[in-house]
Amino acid sequence: MGLRQLLADRGDATVLTESVDPRFELPALAAADESAPMVFEEVAGYPDVRGVSNLVSTRDLLADALGVERDGVIGAMSAAMDQPRALDDSVSPRFDAVVTDPDLDEHIPIPVFYDEHERQYFASSIVAVEDPETGVGNLSFHRMMYDGGDELVVRMVERHLHDIYSRTDGPLEVAIVMGVHPAVELAAATSFSPEMSELEMANALLDGDLAVTEIDGIRVPADAEVVLRATITKERREEGPFVDLSRTWDRTREQPVVSVSDLYMREDPYVRIIVPGRTEHAHLMGVPQEPRIYTIVENTIPTVQSVVLTPGGCSWLHGVVQIDKRQAGDPKYAGMAALAGHPSMKKVTVVDADVDPADPQQVEWAEATRMQPDRDITTIEHAKGSSLDPSQDYETGVLTKWIVDATIPADRDPADFREVPVPEADEIDVDDYR
(Lines give C-alpha, C1' and ligand atoms only; values in the text may rest on other atoms or scores of the structure.)
Protein backbone atom coordinates (compact mmCIF):
# COMPACT_ATOMS: atom_id res chain seq x y z
CA MET A 1 0.00 0.00 0.00
CA GLY A 2 1.50 3.30 -1.11
CA LEU A 3 0.66 6.93 -1.67
CA ARG A 4 -0.73 6.63 -5.19
CA GLN A 5 -2.95 3.68 -4.28
CA LEU A 6 -4.37 5.76 -1.42
CA LEU A 7 -5.14 8.62 -3.83
CA ALA A 8 -6.78 6.21 -6.27
CA ASP A 9 -8.90 4.60 -3.57
CA ARG A 10 -10.04 7.95 -2.12
CA GLY A 11 -10.85 9.68 -5.39
CA ASP A 12 -11.69 12.99 -3.69
CA ALA A 13 -8.49 14.95 -4.22
CA THR A 14 -8.54 18.49 -5.55
CA VAL A 15 -6.64 18.14 -8.85
CA LEU A 16 -5.03 21.30 -10.25
CA THR A 17 -4.07 21.10 -13.93
CA GLU A 18 -2.60 24.59 -14.43
CA SER A 19 1.17 24.94 -14.06
CA VAL A 20 2.28 26.09 -10.59
CA ASP A 21 5.61 27.48 -9.45
CA PRO A 22 7.17 25.63 -6.48
CA ARG A 23 8.49 29.00 -5.34
CA PHE A 24 5.64 30.46 -3.22
CA GLU A 25 2.75 29.58 -5.58
CA LEU A 26 2.47 25.86 -4.85
CA PRO A 27 2.65 26.32 -1.04
CA ALA A 28 0.13 29.17 -1.23
CA LEU A 29 -2.38 26.96 -3.04
CA ALA A 30 -1.88 24.12 -0.56
CA ALA A 31 -2.40 26.52 2.35
CA ALA A 32 -5.45 28.15 0.75
CA ASP A 33 -7.56 24.98 0.93
CA GLU A 34 -6.61 22.31 3.47
CA SER A 35 -9.96 20.50 3.33
CA ALA A 36 -8.90 17.72 0.94
CA PRO A 37 -5.77 16.24 -0.64
CA MET A 38 -4.40 18.48 -3.38
CA VAL A 39 -2.62 17.18 -6.46
CA PHE A 40 -0.52 19.45 -8.67
CA GLU A 41 -0.42 17.86 -12.12
CA GLU A 42 1.92 20.48 -13.60
CA VAL A 43 4.86 21.78 -11.58
CA ALA A 44 6.70 24.51 -13.49
CA GLY A 45 10.15 23.34 -14.56
CA TYR A 46 9.45 19.68 -13.79
CA PRO A 47 7.42 18.15 -16.64
CA ASP A 48 7.65 14.58 -15.35
CA VAL A 49 6.84 15.31 -11.70
CA ARG A 50 3.57 15.83 -9.83
CA GLY A 51 3.11 17.31 -6.38
CA VAL A 52 0.70 16.25 -3.63
CA SER A 53 -0.19 17.96 -0.37
CA ASN A 54 -2.79 17.90 2.43
CA LEU A 55 -3.07 14.13 2.75
CA VAL A 56 -3.68 14.40 6.51
CA SER A 57 -4.66 18.06 6.86
CA THR A 58 -7.81 17.17 8.83
CA ARG A 59 -8.43 14.57 11.53
CA ASP A 60 -11.07 12.98 9.32
CA LEU A 61 -8.56 12.55 6.48
CA LEU A 62 -6.06 11.09 8.90
CA ALA A 63 -8.60 8.64 10.30
CA ASP A 64 -9.74 7.68 6.82
CA ALA A 65 -6.16 6.92 5.77
CA LEU A 66 -5.92 4.49 8.70
CA GLY A 67 -9.35 2.99 7.99
CA VAL A 68 -10.82 3.99 11.37
CA GLU A 69 -13.37 6.40 12.73
CA ARG A 70 -12.19 9.84 13.85
CA ASP A 71 -12.18 8.84 17.53
CA GLY A 72 -10.35 5.60 16.76
CA VAL A 73 -6.96 7.09 15.79
CA ILE A 74 -5.41 6.87 19.27
CA GLY A 75 -6.58 3.28 19.65
CA ALA A 76 -5.22 2.26 16.25
CA MET A 77 -1.84 3.86 16.86
CA SER A 78 -1.58 2.48 20.40
CA ALA A 79 -2.34 -1.02 19.13
CA ALA A 80 0.28 -0.70 16.38
CA MET A 81 2.87 0.51 18.88
CA ASP A 82 2.07 -2.31 21.31
CA GLN A 83 1.94 -5.01 18.61
CA PRO A 84 4.11 -4.09 15.61
CA ARG A 85 3.73 -6.47 12.69
CA ALA A 86 6.74 -8.25 11.24
CA LEU A 87 7.53 -7.42 7.63
CA ASP A 88 7.49 -9.88 4.78
CA ASP A 89 10.63 -10.49 2.74
CA SER A 90 11.88 -7.63 0.59
CA VAL A 91 10.35 -7.20 -2.84
CA SER A 92 11.50 -5.42 -5.97
CA PRO A 93 11.13 -1.64 -5.68
CA ARG A 94 8.54 0.29 -7.65
CA PHE A 95 11.11 3.08 -8.11
CA ASP A 96 14.14 3.15 -10.41
CA ALA A 97 17.56 4.73 -10.29
CA VAL A 98 17.56 8.10 -12.03
CA VAL A 99 20.96 9.72 -11.59
CA THR A 100 24.17 9.55 -9.55
CA ASP A 101 25.51 12.61 -7.71
CA PRO A 102 22.37 14.51 -8.69
CA ASP A 103 21.82 18.24 -8.84
CA LEU A 104 18.67 17.81 -6.78
CA ASP A 105 16.98 21.04 -7.84
CA GLU A 106 17.09 19.93 -11.47
CA HIS A 107 15.11 16.75 -10.78
CA ILE A 108 12.84 17.47 -7.80
CA PRO A 109 10.90 20.64 -6.99
CA ILE A 110 12.24 21.98 -3.67
CA PRO A 111 9.75 24.64 -2.59
CA VAL A 112 10.42 28.08 -1.20
CA PHE A 113 7.59 28.25 1.33
CA TYR A 114 8.10 31.68 2.89
CA ASP A 115 9.63 34.98 1.83
CA GLU A 116 12.15 37.14 3.73
CA HIS A 117 14.71 34.35 4.15
CA GLU A 118 13.65 32.33 1.08
CA ARG A 119 15.20 29.00 1.98
CA GLN A 120 14.46 25.92 -0.14
CA TYR A 121 13.34 23.01 2.02
CA PHE A 122 12.23 19.42 1.96
CA ALA A 123 9.68 19.27 4.79
CA SER A 124 8.40 15.77 4.02
CA SER A 125 11.75 13.99 4.19
CA ILE A 126 11.88 10.77 6.22
CA VAL A 127 15.32 9.39 7.08
CA ALA A 128 15.67 5.59 7.08
CA VAL A 129 18.68 4.07 8.80
CA GLU A 130 19.78 0.75 10.29
CA ASP A 131 21.26 0.93 13.80
CA PRO A 132 24.76 -0.59 13.33
CA GLU A 133 24.76 -2.05 16.85
CA THR A 134 21.25 -3.52 17.08
CA GLY A 135 20.35 -3.93 13.41
CA VAL A 136 16.94 -2.35 14.10
CA GLY A 137 15.66 -0.02 11.40
CA ASN A 138 14.58 3.51 12.26
CA LEU A 139 12.38 6.02 10.41
CA SER A 140 12.19 9.65 11.49
CA PHE A 141 11.13 12.98 10.01
CA HIS A 142 13.84 15.61 9.55
CA ARG A 143 13.57 18.84 7.62
CA MET A 144 16.30 19.31 5.01
CA MET A 145 17.56 22.65 3.70
CA TYR A 146 18.84 22.56 0.13
CA ASP A 147 22.40 23.86 -0.06
CA GLY A 148 23.13 23.44 -3.76
CA GLY A 149 24.04 20.52 -6.01
CA ASP A 150 23.72 17.22 -4.19
CA GLU A 151 23.95 18.65 -0.68
CA LEU A 152 21.42 19.27 2.07
CA VAL A 153 21.67 20.39 5.69
CA VAL A 154 19.56 18.33 8.08
CA ARG A 155 17.95 19.56 11.30
CA MET A 156 18.75 16.68 13.63
CA VAL A 157 17.03 16.83 17.01
CA GLU A 158 18.48 14.75 19.83
CA ARG A 159 16.44 11.60 19.38
CA HIS A 160 17.12 8.18 17.88
CA LEU A 161 18.79 9.25 14.61
CA HIS A 162 21.02 11.65 16.54
CA ASP A 163 21.95 8.83 18.92
CA ILE A 164 22.91 6.53 16.03
CA TYR A 165 24.82 9.36 14.33
CA SER A 166 26.73 10.18 17.54
CA ARG A 167 27.80 6.53 17.87
CA THR A 168 29.16 6.43 14.32
CA ASP A 169 32.86 7.17 13.79
CA GLY A 170 32.50 8.27 10.18
CA PRO A 171 29.63 9.36 7.95
CA LEU A 172 26.27 7.68 8.52
CA GLU A 173 24.70 5.87 5.56
CA VAL A 174 20.98 6.61 5.16
CA ALA A 175 18.11 6.63 2.72
CA ILE A 176 15.78 9.64 2.53
CA VAL A 177 12.21 8.79 1.57
CA MET A 178 9.42 11.07 0.33
CA GLY A 179 5.96 10.15 -0.91
CA VAL A 180 4.69 7.23 1.17
CA HIS A 181 1.38 6.17 2.71
CA PRO A 182 0.29 8.35 5.67
CA ALA A 183 0.59 5.30 7.95
CA VAL A 184 4.34 5.31 7.28
CA GLU A 185 4.48 9.06 7.89
CA LEU A 186 2.65 8.70 11.22
CA ALA A 187 4.95 5.87 12.30
CA ALA A 188 8.02 7.93 11.34
CA ALA A 189 6.69 10.85 13.40
CA THR A 190 6.11 8.70 16.50
CA SER A 191 8.47 8.82 19.47
CA PHE A 192 8.98 5.08 19.34
CA SER A 193 11.23 2.90 21.47
CA PRO A 194 14.70 2.43 19.87
CA GLU A 195 14.18 -1.32 20.11
CA MET A 196 11.13 -1.16 17.86
CA SER A 197 10.87 -0.68 14.10
CA GLU A 198 8.70 2.14 12.73
CA LEU A 199 8.27 0.12 9.52
CA GLU A 200 6.73 -2.69 11.58
CA MET A 201 4.45 -0.19 13.31
CA ALA A 202 3.35 1.12 9.91
CA ASN A 203 2.81 -2.46 8.74
CA ALA A 204 0.50 -3.02 11.70
CA LEU A 205 -1.43 0.16 10.85
CA LEU A 206 -1.82 -1.15 7.31
CA ASP A 207 -2.87 -4.61 8.48
CA GLY A 208 0.23 -6.24 7.00
CA ASP A 209 -0.05 -4.54 3.62
CA LEU A 210 3.27 -2.66 3.66
CA ALA A 211 5.79 -3.90 1.09
CA VAL A 212 9.46 -3.10 1.70
CA THR A 213 12.62 -3.23 -0.35
CA GLU A 214 16.31 -2.67 0.40
CA ILE A 215 18.82 -0.12 -0.82
CA ASP A 216 22.33 -1.08 0.27
CA GLY A 217 20.92 -2.92 3.27
CA ILE A 218 18.55 -0.13 4.34
CA ARG A 219 14.89 -1.10 4.27
CA VAL A 220 12.43 1.43 2.81
CA PRO A 221 8.84 1.22 1.56
CA ALA A 222 8.87 -0.38 -1.88
CA ASP A 223 6.10 1.98 -3.04
CA ALA A 224 8.00 5.18 -2.13
CA GLU A 225 7.75 7.87 -4.80
CA VAL A 226 11.21 9.40 -4.23
CA VAL A 227 14.26 7.92 -2.48
CA LEU A 228 17.63 9.58 -1.97
CA ARG A 229 20.62 7.42 -1.11
CA ALA A 230 22.79 9.63 1.06
CA THR A 231 25.40 10.05 3.77
CA ILE A 232 25.13 12.28 6.81
CA THR A 233 28.64 13.68 7.08
CA LYS A 234 30.53 15.07 10.06
CA GLU A 235 30.70 18.50 8.41
CA ARG A 236 28.39 21.16 9.82
CA ARG A 237 26.84 24.26 8.28
CA GLU A 238 24.26 26.83 9.26
CA GLU A 239 20.68 25.52 8.90
CA GLY A 240 17.66 27.82 8.83
CA PRO A 241 15.87 29.91 9.63
CA PHE A 242 12.77 27.77 9.15
CA VAL A 243 9.10 28.41 9.91
CA ASP A 244 8.23 25.70 12.42
CA LEU A 245 5.05 24.58 14.19
CA SER A 246 4.71 27.91 15.97
CA ARG A 247 4.33 29.57 12.53
CA THR A 248 7.22 31.85 13.51
CA TRP A 249 10.84 31.79 12.34
CA ASP A 250 12.89 29.20 14.17
CA ARG A 251 16.50 29.93 15.07
CA THR A 252 19.51 29.02 12.94
CA ARG A 253 21.85 26.28 14.12
CA GLU A 254 24.99 24.48 13.00
CA GLN A 255 23.73 21.14 11.66
CA PRO A 256 25.15 18.15 9.73
CA VAL A 257 25.63 18.26 5.97
CA VAL A 258 24.01 15.51 3.91
CA SER A 259 25.58 14.38 0.66
CA VAL A 260 23.25 12.61 -1.81
CA SER A 261 24.89 9.95 -3.96
CA ASP A 262 21.91 8.50 -5.85
CA LEU A 263 18.38 9.60 -6.75
CA TYR A 264 15.58 7.06 -7.26
CA MET A 265 12.06 7.89 -8.44
CA ARG A 266 8.93 6.19 -9.65
CA GLU A 267 7.67 6.97 -13.13
CA ASP A 268 5.78 10.30 -13.02
CA PRO A 269 6.42 10.52 -9.29
CA TYR A 270 4.31 12.34 -6.74
CA VAL A 271 6.62 14.63 -4.77
CA ARG A 272 5.18 15.00 -1.28
CA ILE A 273 4.76 18.61 -0.16
CA ILE A 274 4.13 19.46 3.50
CA VAL A 275 3.81 23.20 4.12
CA PRO A 276 5.73 24.01 7.32
CA GLY A 277 3.63 25.47 10.11
CA ARG A 278 0.30 24.57 8.52
CA THR A 279 -2.28 22.06 9.76
CA GLU A 280 -0.82 19.00 8.04
CA HIS A 281 2.58 19.64 9.59
CA ALA A 282 0.89 20.10 12.96
CA HIS A 283 -1.07 16.84 12.69
CA LEU A 284 2.01 14.82 11.75
CA MET A 285 3.90 16.26 14.70
CA GLY A 286 1.13 16.21 17.30
CA VAL A 287 -1.12 13.23 16.64
CA PRO A 288 1.67 10.61 17.06
CA GLN A 289 2.31 11.99 20.57
CA GLU A 290 -1.29 11.56 21.70
CA PRO A 291 -1.20 7.77 22.33
CA ARG A 292 1.76 8.17 24.69
CA ILE A 293 0.08 11.03 26.57
CA TYR A 294 -3.15 9.00 26.77
CA THR A 295 -1.35 6.00 28.25
CA ILE A 296 0.40 8.07 30.92
CA VAL A 297 -2.84 9.87 31.86
CA GLU A 298 -4.70 6.54 31.94
CA ASN A 299 -2.20 5.25 34.52
CA THR A 300 -3.29 8.12 36.77
CA ILE A 301 -6.94 8.61 35.78
CA PRO A 302 -8.34 5.34 34.34
CA THR A 303 -11.50 7.15 33.17
CA VAL A 304 -9.64 9.25 30.57
CA GLN A 305 -11.58 9.25 27.29
CA SER A 306 -9.35 11.07 24.80
CA VAL A 307 -6.34 13.34 24.35
CA VAL A 308 -5.87 15.97 21.64
CA LEU A 309 -2.95 18.26 20.89
CA THR A 310 -4.78 21.21 19.39
CA PRO A 311 -3.89 22.88 16.05
CA GLY A 312 -4.42 26.31 17.64
CA GLY A 313 -1.74 25.36 20.16
CA CYS A 314 0.58 24.33 17.31
CA SER A 315 -0.38 20.67 17.96
CA TRP A 316 2.54 20.72 20.36
CA LEU A 317 2.18 23.39 23.05
CA HIS A 318 -1.51 23.11 24.02
CA GLY A 319 -3.59 20.01 24.66
CA VAL A 320 -7.05 18.93 25.79
CA VAL A 321 -7.73 15.90 27.97
CA GLN A 322 -11.26 14.46 28.09
CA ILE A 323 -12.18 12.51 31.23
CA ASP A 324 -15.17 10.98 32.93
CA LYS A 325 -14.69 12.83 36.20
CA ARG A 326 -15.37 10.76 39.31
CA GLN A 327 -13.71 12.92 41.98
CA ALA A 328 -12.96 16.61 42.44
CA GLY A 329 -9.17 16.15 42.09
CA ASP A 330 -9.29 14.14 38.86
CA PRO A 331 -8.80 17.09 36.46
CA LYS A 332 -5.67 18.33 38.20
CA TYR A 333 -4.13 14.86 38.30
CA ALA A 334 -5.03 14.33 34.63
CA GLY A 335 -3.43 17.65 33.69
CA MET A 336 -0.23 16.94 35.58
CA ALA A 337 0.04 13.50 34.01
CA ALA A 338 -0.47 15.00 30.53
CA LEU A 339 2.30 17.53 31.10
CA ALA A 340 4.59 14.71 32.20
CA GLY A 341 3.63 12.67 29.14
CA HIS A 342 4.51 15.48 26.74
CA PRO A 343 7.04 17.84 28.39
CA SER A 344 6.83 20.29 25.48
CA MET A 345 3.21 21.06 26.35
CA LYS A 346 2.55 24.38 28.08
CA LYS A 347 -1.22 24.35 28.64
CA VAL A 348 -3.62 21.49 29.37
CA THR A 349 -7.37 21.97 29.41
CA VAL A 350 -9.37 19.16 31.05
CA VAL A 351 -12.98 18.69 29.91
CA ASP A 352 -15.87 16.36 30.68
CA ALA A 353 -16.92 13.42 28.54
CA ASP A 354 -19.71 15.42 26.89
CA VAL A 355 -17.23 17.90 25.36
CA ASP A 356 -15.41 17.02 22.12
CA PRO A 357 -11.72 17.72 22.84
CA ALA A 358 -11.03 18.17 19.10
CA ASP A 359 -13.68 20.89 18.72
CA PRO A 360 -12.23 24.26 19.82
CA GLN A 361 -15.70 25.83 20.10
CA GLN A 362 -16.86 23.13 22.51
CA VAL A 363 -13.68 23.43 24.57
CA GLU A 364 -14.02 27.21 24.81
CA TRP A 365 -17.71 26.80 25.70
CA ALA A 366 -16.70 24.50 28.56
CA GLU A 367 -14.13 27.04 29.76
CA ALA A 368 -16.72 29.81 29.58
CA THR A 369 -19.48 27.96 31.43
CA ARG A 370 -17.73 25.56 33.83
CA MET A 371 -14.51 27.27 34.92
CA GLN A 372 -13.59 30.06 37.34
CA PRO A 373 -9.95 31.27 37.02
CA ASP A 374 -9.28 31.72 40.73
CA ARG A 375 -10.47 28.20 41.47
CA ASP A 376 -9.76 26.18 38.36
CA ILE A 377 -6.39 27.32 36.99
CA THR A 378 -3.18 25.79 38.33
CA THR A 379 0.18 27.22 37.32
CA ILE A 380 3.54 25.45 37.43
CA GLU A 381 6.43 27.92 37.39
CA HIS A 382 10.04 27.43 36.32
CA ALA A 383 9.27 24.37 34.20
CA LYS A 384 11.26 23.15 31.21
CA GLY A 385 9.56 24.21 27.99
CA SER A 386 9.72 23.50 24.28
CA SER A 387 12.35 25.06 22.03
CA LEU A 388 9.47 25.78 19.62
CA ASP A 389 7.83 28.23 22.04
CA PRO A 390 9.02 31.74 21.08
CA SER A 391 7.62 33.22 24.31
CA GLN A 392 10.03 31.37 26.58
CA ASP A 393 13.19 32.74 28.17
CA TYR A 394 15.83 31.20 25.89
CA GLU A 395 18.63 31.91 28.37
CA THR A 396 17.08 29.79 31.12
CA GLY A 397 14.94 27.50 28.94
CA VAL A 398 12.12 27.59 31.49
CA LEU A 399 8.56 28.93 31.50
CA THR A 400 5.25 28.67 33.34
CA LYS A 401 2.81 25.88 32.49
CA TRP A 402 -0.85 25.81 33.38
CA ILE A 403 -3.73 23.41 33.85
CA VAL A 404 -7.29 24.59 33.21
CA ASP A 405 -10.07 22.58 34.86
CA ALA A 406 -13.05 23.16 32.55
CA THR A 407 -15.11 20.33 34.03
CA ILE A 408 -18.42 20.67 35.87
CA PRO A 409 -17.78 21.68 39.53
CA ALA A 410 -18.04 18.63 41.76
CA ASP A 411 -20.32 20.39 44.26
CA ARG A 412 -22.91 21.48 41.70
CA ASP A 413 -25.82 19.75 39.94
CA PRO A 414 -24.48 18.56 36.55
CA ALA A 415 -27.87 19.27 34.98
CA ASP A 416 -27.21 23.00 35.40
CA PHE A 417 -24.24 22.75 33.02
CA ARG A 418 -25.54 20.52 30.23
CA GLU A 419 -26.02 22.01 26.78
CA VAL A 420 -29.69 22.09 25.86
CA PRO A 421 -30.19 20.88 22.28
CA VAL A 422 -32.79 22.10 19.80
CA PRO A 423 -35.29 19.22 19.44
CA GLU A 424 -34.88 17.20 16.21
CA ALA A 425 -32.17 19.56 14.85
CA ASP A 426 -29.85 16.61 14.23
CA GLU A 427 -32.51 14.57 12.44
CA ILE A 428 -34.30 17.12 10.30
CA ASP A 429 -33.19 17.66 6.68
CA VAL A 430 -33.40 21.20 5.31
CA ASP A 431 -33.40 19.91 1.74
CA ASP A 432 -36.82 18.35 2.35
CA TYR A 433 -38.21 21.88 2.70
CA ARG A 434 -36.73 23.46 -0.41
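The values are calculated or read from the model by the stated rules, or taken from the named source; none is laboratory data. Everything numeric in this text was worked out from a predicted model, so none of it was measured. Note that we place each Cβ from the backbone using ideal geometry, even for glycine, and neighbour counts take in every protein chain shown. Heads up: the accessible areas ignore ligands, DNA and RNA and are worked out on the full protein's heavy atoms, side chains in. Shrake-Rupley method; radii C 1.70, N 1.55, O 1.52, S 1.80 Å.
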request  = Treat each spin label as a single point 7 Å out from the Cα along the C-beta direction, and report the ASP413 to ALA368 distance in nm.
outcome  = 2.4 nm
ask   = Counting pairs on different chains as well as pairs 8 or more places apart, how many Lys pairs in the chain have Cα atoms under 27 Å apart?
value = 12
request  = Go through GLU133, GLU367, GLU238, GLU198 and list them by solvent-accessible area, largest first, probe radius 1.4 Å.
outcome  = GLU133, GLU238, GLU367, GLU198
message = Can you tell me the length gained on complete extension of the stretch GLN327 to ALA340, counting 0.36 nm per residue apart and subtracting the Cα distance?
response = 2.6 nm
note = Rounded to a whole number, the Stokes-Einstein D of region 13-129 in µm²/s (Kirkwood radius over Cα pairs; 20 °C; 1.002 mPa s) is 125 µm²/s
request  = Grab the DSSP H runs of the chain that are 4 residues or longer, score each as -39,500 (n - 2.57), total them, divide by all residues and round the 222 nm result to the nearest 500 deg cm²/dmol.
outcome  = -6500 deg cm²/dmol
message = From the P(r) of region 197-318, could you give the percentage of C-alpha pairs in the tail past 23 Å?
response = 56 percent
Net charge contributed by nearby residues that have their C-beta within less than 15 Å of SER19 (K/R +1, D/E -1) = -4
message = Once neighbouring chains are kept in place and the probe is 1.4 Å, which whole percent of the accessible area of region 42-113 is contributed by carbon and sulfur?
response = 40 percent
note = dims of region 288-416, Cα set, principal axes, largest to smallest, nearest Å -> 48, 30, 25
ask   = What FRET efficiency do you get for ARG375 and ASP60 if R0 is 41 Å and r is their Cβ-Cβ distance, rounded to the nearest 0.05?
value = 0.70
request  = With a 1.4 Å probe and every protein chain left in place, tell me how much accessible area TYR333 has, in Å² to the nearest 10.
outcome  = 140 Å²
remark   = Residue separation between VAL15 and ALA44 times 0.36 nm, minus their alpha-carbon distance, gives in nm 8.9 nm
query = Residues with amide H under 5 Å of GLN392's amide H, sequence separation 5 or more or different chain, H placed in the peptide plane at 1.01 Å from N; which?
reply = none
Mean projected area (nm²) of the alpha-carbon convex hull when region 3-78 is viewed from all directions = 5.6 nm²
key: For region 65-118 and region 379-413, distance of Cα centres in Å   = 33 Å
Accessible area, probe 1.4 Å, largest first, for residues PHE122, PHE141 = PHE141, PHE122
key: Order of exposure, largest accessible area first, which applies to THR400, THR378, THR213 with probe 1.4 Å   = THR400, THR378, THR213
query = Once you charge only the Cβ atoms, +1 for Lys and Arg and -1 for Asp and Glu, what is the size of the charge dipole of region 10-102 about its Cα centre, to the nearest 20 debye?
reply = 200 debye
query = If all Cα-Cα distances of region 3-284 are sorted into 5 Å bins from 0 onward, what percent lands in each bin, rounded to whole numbers?
reply = 1, 6, 13, 18, 20, 19, 14, 7, 2, 0
ask   = On the accessible surface of region 288-416, probed at 1.4 Å, how many percent belong to carbon and sulfur atoms?
value = 49 percent
query = Taking the Cα centre of the chain as the origin and placing charges on Cβ (Lys, Arg +1; Asp, Glu -1), which of GLY217, VAL363, THR100 is farthest toward the positive end of the dipole?
reply = VAL363
message = Just to confirm, what accessible area per residue do you get for the chain at 1.4 Å probe, in whole Å²?
response = 44 Å²
message = Quick check: residue separation of HIS117 and ASP169 times 0.36 nm, minus the Cα distance between them. What number comes out in nm?
response = 15.3 nm
request  = Could you state how much accessible area VAL98 has, in square angstrom rounded to the nearest 10, with a 1.4 Å probe and all protein chains kept in place?
outcome  = 70 Å²
remark   = Each label sits 7 Å from Cα toward the beta-carbon; between ASP207 and SER259 the label points are separated, in nm, by 4.6 nm
inquiry  = Let me cross-check HIS281: its accessible surface, 1.4 Å probe, with only protein heavy atoms counted, in Å² to the nearest 10?
reply    = 30 Å²
task = Pull up all non-local amide H partners of GLU235: gap of 5 or more, or a different chain, and H-to-H distance under 5 Å with H placed in the peptide plane.
result = VAL257
key: Distance between modelled label sites at GLU238 and ASP431, nm, 7 Å Cα→Cβ extension   = 5.8 nm
